[in-house]
Amino acid sequence: MKNSYLLMVLVLSTYASVSSADVVEQLLVEYSGQSNVEFDSNKGKTLWTKSYNDNKDPQARSCATCHTENLAAVGKHAKTRKPIDPLAPSINAERLTDAKTIEKWFLRNCKWTMGRECTAEEKGHFLKFISAQ
Amino acid sequence: MKYFTLLVIAFTALVLLSIQTSFGDEDQDDHHYAMFKREPGVEPVKNPLYEQECSSCHFAYPPGLLPEASWRKIMTNLNDHFGENAELGDADRLAIEEYLVNNSATHSEFRRSKKITRSLSPSAAPLRITELPYFKHEHDEIPSRLVKDNPKVGSFSQCDACHQDANKGYFSENKIKIPGYGRWDD
């Protein structure tokens, strides 16, 4: 019984990690079709802390404003202060497992942070960086 | 004659009870609800999509806390959701709007939802729960040092910071615990 439980956990976790990698891979292919650049985790890291000024808010905004610079840490919503689960897939297996969710948050958070949608190139760099955490 | 007196007493008791229920303290209402077959509080959130999409950023406010017109207005302006971008795809947005409207205070039989509706004019569509006359009335005795200036709370929009059973739609005074302060009982 114990063994079958372990096997189930193993099968499920393998399935989760494979599907996360697949989702990321598929999105990267999609983004590279729109941008023609080599995606680079280091460029994603630089973009992560790059701050932008919003005319409605005196505080400069970056990805790290809410998610912090350490993606393995718990973040905090800038306005509501609700905790945000870690983004690093190595810590939080639910991350990067659903393309629709990834696109939803890229749309919302790029607009909040930079005041515009991210380009395919930026999203590619981000995805490389986040998936390596 | 004896029966008539009993009847008069019973009738008077019933009238008195219903008066207390209409105008009495909210907490007493909650204890009497069973007699009037109306649920106390507001209906808890029952929609997984709403919960998933909206509670990533904030407490999942039960739909019975705002009237239908408010939810419709909020859901047509998600790209500027109180200064945040909360855009959704059309399918999810419409599904969530339908849930919120169908379970709004306007259509709810829950006691607090009824009170919220009664505190508003039929055409009112406040965007914030904290703007409701009923909400203001219920919170007017709370000094700002316990909420706005309390670093552990920060705002009245954090229902569940003090209302321990907020996620069950239960906002009674006996379930309030203000962080850094303790129980609230007025």
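Read the figures in this text as sums done on the coordinates, not as results from a lab. Remember, it's a predicted structure, so these values are computed and weren't measured experimentally. Glycine also receives a Cβ, built like all others from the backbone with ideal geometry; neighbour counts cover every protein chain displayed.
In the stretch B:141-150, is there at least one residue being exposed (fewer than 15 other Cβ atoms within 10 Å of the Cβ), hydrophobic (A, V, I, L, M, F, W, C) and closer than 21 Å to A:His77 by Cα? So that I can check it myself, show each step before the final result.
From the stretch B:141-150, those exposed (fewer than 15 other Cβ atoms within 10 Å of the Cβ) are B:141, B:143-145, B:148-149; that's our starting set.
Now narrow it down to the ones that are hydrophobic (A, V, I, L, M, F, W, C): none.
Checked the stretch B:141-150: no residue is exposed (fewer than 15 other Cβ atoms within 10 Å of the Cβ), hydrophobic (A, V, I, L, M, F, W, C) and closer than 21 Å to A:His77 by Cα.
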Problem set entry | Number of the exception - B:Leu100 against (1) away from every other protein chain (no Cβ under 14 Å); (2) within 14 Å of the chain's Cα centre (by Cα); (3) surrounded by fewer than 18 Cβ atoms within 10 Å (Cβ to Cβ) | (3)
Exercise. Would you pick out the residues in the stretch A:54-65 that are touching a helix residue (DSSP H, G or I) at 6+ places or on another chain (Cβ under 9 Å) and either more than 11 Å from A:Trp112 (Cα to Cα) or among the polar types (S, T, N, Q) (or both)?
Worked result: A:Gln59, A:Ser62, A:Ala64, A:Thr65
Problem set entry | Count - residues of the stretch A:54-100 that are farther than 22 Å from B:Glu84 by Cβ and hydroxyl-bearing (Ser, Thr, Tyr) | 2
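Within the stretch B:103-125, which residues are part of a loop (DSSP other than H, G, I, E, B) and surrounded by fewer than 18 Cβ atoms within 10 Å (Cβ to Cβ)?
Pass one, the stretch B:103-125, residues part of a loop (DSSP other than H, G, I, E, B): B:103-104, B:108-110, B:119-125.
The answer is B:Glu109, B:Ser119, B:Ser121, B:Pro122, B:Ser123, B:Ala124, B:Ala125.
When only residues in the stretch B:79-97 that are over 17 Å from A:Thr113 (Cα atoms) and buried (at least 17 other Cβ atoms within 10 Å of the Cβ) count, which is nearest to the other protein chains (Cβ to nearest Cβ)? So that I can check it myself, show each step before the final result.
Start the filter on the stretch B:79-97 by keeping residues that are over 17 Å from A:Thr113 (Cα atoms), which leaves B:88-97.
From what is left, the residues that are buried (at least 17 other Cβ atoms within 10 Å of the Cβ) are B:88, B:96-97.
Numbers: B:Leu88: 7, B:Ile96: 13, B:Glu97: 17 Å.
Only one residue tops the list, namely B:Leu88.
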For this session: Please go through the stretch B:100-134 and pick out each residue that is in contact (Cβ under 8 Å) with a residue 40 or more places away in the chain and among the polar types (S, T, N, Q).
Result: B:Asn103, B:Ser104, B:Ser108, B:Ser113, B:Thr117, B:Ser123
For this session: State all residues of the stretch B:155-172 that are assigned to a helix (DSSP H, G or I), under 13 Å from B:Pro62 (Cα atoms) and either away from chain A (no Cβ under 14 Å) or of a type in the set (A, V, I, L, M, F, W, C) (or both); if no residue qualifies, say none.
Result: B:Cys159, B:Ala166, B:Lys168
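Select from the stretch B:49-78 the residues that are in contact (Cβ under 8 Å) with a residue 60 or more places away in the chain and at the interface with chain A (Cβ under 9 Å from one of its Cβ atoms) and list them in ascending order. Give the steps one after another, and end with the answer.
Quick first cut of the stretch B:49-78, residues in contact (Cβ under 8 Å) with a residue 60 or more places away in the chain only: B:58-62, B:64-66.
Across the stretch B:49-78, the qualifying residues are B:His58, B:Phe59.
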For this session: Report those helices (runs of 4 or more DSSP H) wholly inside the stretch A:33-133 carrying at least 1 residues which are of a type in the set (Val, Ile, Thr) and within 14 Å of chain B (Cβ to nearest Cβ).
Result: A:63-67, A:99-114
